[in-house]
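Have a look at the structure below, then the notes.
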Amino acid sequence: MKVPLQLSGLRLTYPGSATPTLDGLDLSVGAGSLTALLGPSGTGKTTLLKLIAGLLHPDAGDIRLGDRSLLPLPPERRKVVLVFQAALLFPHLTVAQNIGFGLRMQGLPTDVIARHTDAMLDRLHLTGLGARRPDALSGGQTQRVALARALILEPDLLLLDEPLSSLDPGLREAMRALIRSLQRELGVTTLVVTHDQAEAVALADSIALMQGGRIVQHATPEVIFARPATLAVARFFGGENVLPGQARGGVFESAIGRLPLPAGTADGPGSLTLRPEAVTLGPGADARAARVMECRFLGTQTRVELDLGGTRLVALVAPHLAGGLAVGQSVGVTLPPSALWFLRENPEAPPAVPE
Amino acid sequence: MLRILAVVLLVAAPAEAQTTDDTLLSGTWDQIVAEAEGGTVNWFMWGGSDQINRYVSDHVAKRLLADYGITLNRIGVADAVEVVNMVLAEKEAGIDTGGAVDLIWINGENFRSMRQADLAFCGYTGVLPNNVLVNWENPAIANDFGVPVDGCEVPWNTVQFGFAHDSATLPEPPRSMAELLVWIKANPGRFTYPAPPDFTGSAFVRHVFIHAAGGPENLLGPFDQSKYDEVAAKTWTILNEIEPFLWREGRTYPTTLVQMNELFANGEVAFTFNYDPSQFGLAVDAGIFPPDTRSFGLSDGTLGNTNYTLIPFNATNKAAAMVLQNLLLSPEEQLEKAKPEVWGAAPAIDILRTSAEVQAAFAALPKHPSVVAASELAAFALPELQADWLTAIEAGWRAEIGR
Amino acid sequence: MKRDVLSALARLALALFLLMPLIPLAIWSVAHGWRFPALLPSELSLAAWSYALSPVSGVVGSLGLTFFIAAVTSVIATALAYPAGRALGRLRFPGRSVVLVLVLAPAVLPAIAVALGLQGLFLRMGWTGTIWGVVLAHLIPALPYPTLVLTAVFARFDPHHEDQARCLGARPLQVLLHVTLPAVLPGLRTGAVLAFLISWSQYLLTLSIGGGKVQTLPLLLFTFATSGRNDLTGAVAMIYVLPALAFMALLLRQRSKTAPLPNRTDR
């Protein structure tokens, strides 16, 4: 059953802490969707999961799953399963007993539990490992058992806390694919916590970026990259190009000159952002002259730092396009108008949202 | 709440105890026996001998239950001083009635402690019918290590100091203190004695002290410092002279009688001694001492004393304890425990006051070959010194010999 | 692997260490006339055993009493130590080490000091001479051991396991039964055995609080040991030591079978 999750106005301040960990947090997760909860370490992402799971209680706000509020319910009655970062398999139980744990707590007959457990073992590529002890498993197997133990309960909401962080890089891709496919197949509404934006982009339908105890932007990865809600969001996703200036009559006036703005942009001071990968180099109709400051090969891309009339600008281009560039050389730079994104925020001013 | 309860107990208890004690002191024996019926006596006594335990738990307990309907609960302790401390703690806690201890097997220093702290129930002994069998004229009965008994305890056994030797290795032992001192020097390493304040070792030192004084005559009565100084000097000279000839050249002494018994059992020393020679027989029967162990008393005098049973002031069941004391004093029980196979303890009653049959039975008692006859010891009897002498001698020994 | 070998060796050494003194005691208990320099007793006798097992000696009744007191002390001490060890093991608070030292204090205090301190109080409360008074007194030296063991166990137990179980649908009681208790079971068992043995071996406290009326085996044993009766001491000592060893072996036997504790993850 696909159920949406609705968080509204959640507040939580840990005892003895001066600043709230959650400060009026709102978030909607669509039924059956996979949302990544992204943010720097220590922003309260795990706290939020514990709140939803019922292990913590908010000072204010509401958590609704479908048409019911979860707040009055103890964790075991929420139909929400939280899978912790450390897989937390019960060391005194076998793999099969771990997976069947939740069903056993419900008092289901042994043969029913065994049937479901076997199915889960197969589904998570754990066939034949049922009799093992948790300490005899590899990292990837451990994580899959933890996942199986959660999914066997067919929860309304699955909460995954950094499910890939304890895995070797090589295993992450496979695990990510497995989570994706299982989630699609089962249609369980899922919230995945991660601090890795690449992982969030690769895994999730949508990304909720959390900063300062709130969700600062919740959108698809494409939107978040191209049209960040704040400068902080832009910076978090690697947005390095920020030009301070003034919007006046549909045009942005800055140190490098006038740039076109989308129609309807109101006048006033602000910043213009532009993804480094949107910057194109070479001659062109709208090209401006810049000087190459630094040029670094990054594997799939080359990072070029440019001086454009005294303003620093970063471009990420295909290596073959940057092949002939030398430091100090002059090069044409084009800033496509469609990639320009205006924010009513000044980079020198203190950020609207504290990191 | 608890404080109120405690106050109530403190106020109520003495009054109640007083009336009971009055009945016990002034009532008839039949009244006491009637009151005692159905009760339990918690008798605390040294429990280190299976034979004595067996006699009390099997024989006495059965008779007490059958004849008087009283349950006897023998509680073995390692040392009677534990029981004295227990009663003392109860008194300090204000428990003047309903105490844990009904009867104690006691004598000497522990009796003195109980008298000094006013822990004994007193003045009742005349009520016991069998009291007439006790010769209270005998100072060795009327005084417990010089402390007047004053109706605070009832005699149970008399003992006299005896020496044991293995007749297989030493057929002709020295039989007087003078001979013994010569023998010690002639047989280096074959003699020792437990360091005072061990009860038995202290008694040995008193024998030397009396020997040095030339007899007990001048030592009886209250402590006399000048007399003590004179005799003590001679005593320490004697003991220092024999010291190099003792076991391990006198560099160390056994600290308990048990240790010395072990040295004797293993043949390391030629003698052990005991204030109760019946213990030699028990040790032979238990396989501890060699079978050819024989015992004797020093012909120039051997100390004797009496041990008693005592009812604490706060005993729960004084009437039942009195009935038990009376039973223990009866000719039948005095005879029973005198049997060598039972215990072999000498009677505390005057045999001449018993019936002709009992007298004949005592005369006909088989003698344990290892236990010197009470009659033989009685011929050399020395009265015990008063407690102040004991204390002074023990302190002197520690200062002069046991440094 | 290496740890297994070491612990097996340690257990063997412990067993030998415990059993060595029993050998002369066992011989003494059937010896009649075993005097220096004989290597073995000249005669064998079952007299000491027959006395020890007879109702007169009270040894058998005392064995039951000693076991009962030790078992009750162990259960209560472990039950009290559970929340205490949990709090001490989990929480990191300033002064925690001071609290740990205080917890340990009753175990290192001289028994005589504890006994004297308690006796007056217990007398006034009317608890002396009762089995429950003795149990209460035994709890004082017994409690620190399960508390310290469980403190160490809970320090290594990740409480997130309990949260995880709740999320998987376990009610609090189910969490306790199916997750927490199995995880700390080795500690509970060790703590319970230690508390049992502490009670089993109490002499002074039993004497002063029991007032002689609560006659546990150490009291009987001490009486014989101090009166030079090696045969009786041997027999009673065997009766005293063997059940304790058996009990310990029984409870610790399963230790090797239990899984290692989960490691704590700090989040």
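The values are calculated or read from the model by the stated rules, or taken from the named source; none is laboratory data. A quick note: this is a predicted structure, and the numbers were derived from the prediction, not measured. Note: ideal-geometry Cβ built from the backbone for every residue, glycine included; neighbour counts use all protein chains shown. Calculation scope for accessible area: heavy atoms of the full protein, side chains included, ligands and nucleic acids excluded. Shrake-Rupley method; radii C 1.70, N 1.55, O 1.52, S 1.80 Å.
Using helices alone, what [θ] at 222 nm do you get for chain C, with -39,500 (n - 2.57) per DSSP H run of 4 or more residues, divided over all residues and rounded to the nearest 500?
-22500 deg cm²/dmol
With a sphere of radius 15 Å drawn around the Cβ of C:Arg96, what net charge do the other residues whose Cβ falls strictly inside it have (Lys, Arg +1; Asp, Glu -1)?
Overall, the nearby charge balance is +3.
Using a Gaussian network model on chain C with a 10 Å cutoff between Cα atoms, which of C:Phe17, C:Phe68, C:Phe154 fluctuates the most?
So, out of C:Phe17, C:Phe68, C:Phe154, the one fluctuating most is C:Phe17.
Between region B:186-243 and region A:196-217, what is the separation of their alpha carbon centroids in Å?
Their Cα centres are 99 Å away from one another.
Given springs between every Cα pair under 10 Å in a Gaussian network model of chain B, which of B:Thr125, B:Thr200, B:Thr252 has the largest fluctuation?
The residue that fluctuates most here is B:Thr252.
Determine by what factor the alpha-carbon radius of gyration of region C:69-150 differs from 2.2 N^0.38 Å, reporting the quotient.
1.19
Rounded to whole Å and sorted largest first, what semi-axes of the equivalent ellipsoid does the C-alpha gyration tensor of chain A yield via the square root of 5 times each eigenvalue?
So the equivalent ellipsoid measures 46, 25, 16 Å along its semi-axes.
Looking at region A:5-226, what % of its DSSP beta bridges pair antiparallel, to the nearest 5?
So the antiparallel bridges in region A:5-226 amount to around 50 percent.
Straight distance only, please: which lysines reach the Cα of A:Lys2 with their own Cα at less than 24 Å, same-chain residues fewer than 8 apart left out?
In chain and number order, the partners are A:Lys45, A:Lys50, A:Lys79.
With only alpha-carbon pairs counted, each pair once and no self-pairs, how large is the Kirkwood hydrodynamic radius of chain C in angstroms?
One over the average 1/r among Cα pairs gives 20.9 Å for chain C.
If you build the convex hull over the alpha carbons only and average its shadow over all orientations, what do you get for the protein assembly as shown? Give it in nm² to one decimal.
62.0
Set the Förster radius R0 to 35 Å, insert the Cβ-Cβ distance between A:Thr19 and A:Glu253 as r into 1/(1 + (r/R0)^6), and round the FRET efficiency to 0.05.
Plugging the Cβ-Cβ distance into 1/(1 + (r/R0)^6) gives 0.40.
Kyte-Doolittle cut-off -1.0, length cut-off 24 Å along the helix's own axis using Cα: show which whole DSSP H helices in chain A pass.
A:169-186
Please identify the cysteines of the protein assembly as shown that lack any partner cysteine with a Cβ under 4.7 Å from their own Cβ.
Isolated Cys, the protein assembly as shown: A:Cys295, C:Cys167.
Ignore the peptide's own chain and count Cβ atoms of other chains within 10 Å of each Cβ in B:84-93; give me the average, rounded.
4
Evaluate the Kirkwood expression for the hydrodynamic radius of chain B, namely the inverse of the mean inverse distance over all pairs of different C-alpha atoms, and round to one decimal in Å.
22.4
Quick one: if you stick a label point 7 Å off each Cα along the C-beta vector at A:Arg227 and A:Ser138, how many nm between them?
Each label point lies 7 Å from its Cα, and together they span 4.4 nm.
If one computes the Cα centroid of region B:256-310 and of region C:50-70, what distance in Å separates the two points?
30
For region A:240-343, what relative contact order do you get, as a whole percent, if you take Cα pairs closer than 8 Å and at least 6 residues apart?
31
Give me the net charge of C:Trp28's neighbourhood, meaning all other residues with Cβ under 15 Å from the Cβ of C:Trp28; Lys, Arg count +1, Asp, Glu -1.
-2
May I ask you to derive the relative contact order of chain A, considering only C-alpha pairs under 8 Å and at least 6 residues apart, and to give it as an integer percent?
Relative contact order, chain A: 16 percent.
Using alpha carbons only, how many degrees (0 to 90, rounded to 10) separate the axis of helix C:59-90 from the longest principal axis of chain C?
Once rounded, one gets 20 degrees.
Suppose only helical runs count, i.e. DSSP H with n ≥ 4. What mean residue ellipticity at 222 nm does that imply for chain A under -39500 (n - 2.57) per run, divided by all residues and rounded to the nearest 500 deg cm²/dmol?
Taken over chain A, the calculation gives -6500 deg cm²/dmol.
Hey, got the average number of other protein chain Cβ atoms within 10 angstrom for residues in C:226-237?
Average neighbour count from other chains, rounded to a whole number: 5.
Restricting things to alpha carbons, tell me how big region B:41-183 is in terms of Rg and Dmax, in Å.
Rg then Dmax for region B:41-183, in Å: 18.9, 58.
How far apart, in nm, are the 7 Å Cα→Cβ label points at A:Asp59 and B:Asp67?
8.6
Quick one: how many Å² of A:His125 are accessible to a 1.4 Å probe, rounded to 10?
120
Longer than 31 Å from Cα to Cα, which of B:Lys62/B:Lys318; B:Lys318/B:Lys367; B:Lys337/C:Lys213; B:Lys62/B:Lys367 are they? Say none if no pair is.
B:Lys318/B:Lys367
Across region A:73-128, what fraction of all alpha-carbon pairs, as a whole percent, falls in each successive 5 Å bin from zero upward?
For region A:73-128, the binned pair fractions read 4, 17, 23, 26, 22, 6, 1, 0 percent.
Starting from the Cα gyration tensor of region B:282-403, take the square roots of the eigenvalues, sort them a ≥ b ≥ c, and report rounded, prolate or oblate (rounded when a/c is under 1.5, otherwise prolate if a/b is larger than b/c, else oblate).
In terms of gyration-tensor shape, oblate.
Only four residue types carry charge here, +1 at the Cβ of Lys and Arg and -1 at the Cβ of Asp and Glu. Report the dipole size of the protein assembly as shown about the Cα centre in Debye, rounded to the nearest 20.
5540
What whole-number distance in Å separates the alpha-carbon centres of region C:136-192 and region B:19-54?
Cα centroid of region C:136-192 versus Cα centroid of region B:19-54: 52 Å apart.
Based on Cα coordinates alone, diagonalise the gyration tensor for region C:23-120, multiply each eigenvalue by 5, take square roots, and list the semi-axes in whole Å, largest first.
Taking √(5λ) for each Cα gyration eigenvalue gives 45, 18, 14 Å.
Given R₀ = 56 Å, what would the calculated FRET efficiency be for B:Thr255 paired with C:Leu176, taking r from the Cβ atoms and rounding to 0.05?
Once rounded, the FRET efficiency stands at 0.55.
In 5 Å bins starting at zero, report the fraction of Cα pairs in region A:192-344 per bin as a rounded %.
Final binned percentages: 2, 9, 17, 19, 18, 15, 12, 7, 2, 0.
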